[in-house]
Amino acid sequence: IEIGSRKVFEETVLTGIIHLWSCSGDTRYTPIVQQNYLNTNFALIVYDTTNSNSMKGCMFWRNEMKRSCPDAKLCLVGTKQDLDLETQISFEEGSKQAAEWDIPHNVVSSKTGENLQQIIDFLSLEAAN
């Protein structure tokens, strides 16, 4: 389920490693994902802006991370930002949920790359701290 990793350097010193995992939001992958919780410092909880039900799954994963990795920093991220006409979860709704959880929020488009660099930079900064 690992989709990539990236080493984070500050000048020439390795300051962290980011491992990216995806479970497609499906709770049937919970046992596999739980094996990878050890040493998790940061997690992106991702929802589909074109699917109003996807935010419900975020609650499960947020609670799962809080239970398993209480010190891990979390960020709520909406995907498919490029599909404006199909949006079912607005930026404001995502921001409201993130505020309730006291975590950052952003939206991205995997198709166009919009805001992806911001998420990568944010992860890199967190990994270095």
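The values are calculated or read from the model by the stated rules, or taken from the named source; none is laboratory data. In this text the structure is predicted, and so the values were computed from the model without any measurement. With ideal geometry, Cβ positions are generated from the backbone for all residues, glycine too; neighbour counts draw on all protein chains shown. For the accessible areas, the whole protein counts, side chains as well, though only heavy atoms, and no ligand, DNA or RNA atoms are used. Shrake-Rupley method; radii C 1.70, N 1.55, O 1.52, S 1.80 Å.
What to note about this one:
- Restricting the stretch 88-102 to residues that are farther than 12 Å from Met55 by Cβ and of a type in the set (A, V, I, L, M, F, W, C), the residue that is surrounded by the most Cβ atoms within 10 Å (Cβ to Cβ) is Phe91.
Table: residues versus (1) over 17 Å from Phe42 (Cβ atoms); (2) in contact (Cβ under 8 Å) with a residue 40 or more places away in the chain.
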site: Ser68; (1), (2): no, no
site: Gln81; (1), (2): yes, no
site: Glu86; (1), (2): yes, no
site: Glu93; (1), (2): yes, no
site: Leu123; (1), (2): no, yes
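- Residue in the stretch 103-125 that is most open to solvent (accessible area, probe 1.4 Å), counting only those that are over 14 Å from the mean Cα position of the chain (by Cα) and charged (D, E, K, R): Lys111
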